[in-house]
Amino acid sequence: MFVKQISVFLENKSGRLAEVTGILGKHNIDISALSIADTTDFGILRLIVNKPDLALQVLKENGFTVSATDVIAIAVEDKPGGLAKVLEILYKKDIGIEYMYAFVGKLSDQALVILKVEKAEDAIKILKENNVKILPAEEVYAL
């Protein structure tokens with residue numbers, strides 16, 4: 001039930017983000033979701049792509065510091081309070097959110113969200129018990 005997220009360490013220099021996306025595009029790797037967090041000197045680009053293993057390989061081959069992390073992709077009602085409902089479920093079970101970001105597209109009337117949580121296996125179990133749709137990796141990579 002986990003989705004592989006690619007994290008790329010980037011120096012805060014003009015053109016580095018363009019270089020990463022260019023390499024991915026050259027290898028027919030499609031980006032479905034992304035998040036970037038930065039400081040004065042560097043940033044971390046987090047990506048969900050259709051070919052995570054290939055992305056990891058080609059970025060490393062091109063000198064980038066890259067890692068893979070297991071995250072959870074969920075579908076939430078695309079209406080006010082939809083995300084709050086799911087986050088409340090995790091909060092009540094003492095599962096902290098390390099970070100999250102949304103997908104570029106959505107699934108019919110549902111918004112797609114990527115979660116990095118503490119106690120990931122417990123989180124999946126609790127979300128399933130509460131009828132939160134967890135997307136399998138294959139479905140996420142095909143979006």
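The values are calculated or read from the model by the stated rules, or taken from the named source; none is laboratory data. This one's a predicted model, so the numbers in the text were calculated from it and none came from an experiment. Every residue, glycine among them, receives a Cβ derived from its backbone with ideal geometry; neighbour counts consider all protein chains shown.
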Q.
Which numbered condition in (1) without any contact (Cβ under 8 Å) to a residue 12 or more places away in the chain; (2) in contact with an Asp or Glu (Cβ under 8 Å, 6 or more places away or on another chain); (3) of a type outside the set (S, T, N, Q) is the only one that K125 fails?
A. (2)
Q: Would you tally the residues in the stretch 1-26 being out of contact with any Asp or Glu (no Cβ under 7 Å at 6 or more places or on another chain), surrounded by 13 or more Cβ atoms within 10 Å (Cβ to Cβ) and assigned to a loop (DSSP other than H, G, I, E, B)?
A: 1
Q) Among the residues of the stretch 1-27 satisfying the criterion of being under 30 Å from L127 (Cα atoms) and of a type outside the set (D, E, K, R), which is modelled with the lowest pLDDT? A) M1
Q) Does any residue in the stretch 32-55 that is at positive phi come within less than 9 Å, Cβ to Cβ, of a residue that is assigned to a helix (DSSP H, G or I) six or more places away or on a different chain, and which pairs are these? A) none
Q. Out of (1) modelled with pLDDT of 90 or more; (2) not assigned by TED's automatic domain parsing to the domain that holds K51, the odd one out for V66 is which?
A. (2)
Q | Hits in the stretch 28-51 (condition: surrounded by fewer than 16 Cβ atoms within 10 Å (Cβ to Cβ) and either in a helix (DSSP H, G or I) or at pLDDT 95 or above (or both)) | A | N28
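Does I23 satisfy being touching a residue at least 24 places away in the same chain (Cβ under 8 Å), out of contact with any Ser or Thr (no Cβ under 6 Å at 6 or more places or on another chain) and not assigned by TED's automatic domain parsing to the domain that holds F103?
Details: touching a residue at least 24 places away in the same chain (Cβ under 8 Å): yes; out of contact with any Ser or Thr (no Cβ under 6 Å at 6 or more places or on another chain): yes; not assigned by TED's automatic domain parsing to the domain that holds F103: yes.
The answer is yes for I23.
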Q: State whether one or more residues within the stretch 96-118 are modelled with pLDDT under 90 and of a type in the set (K, R).
A: yes
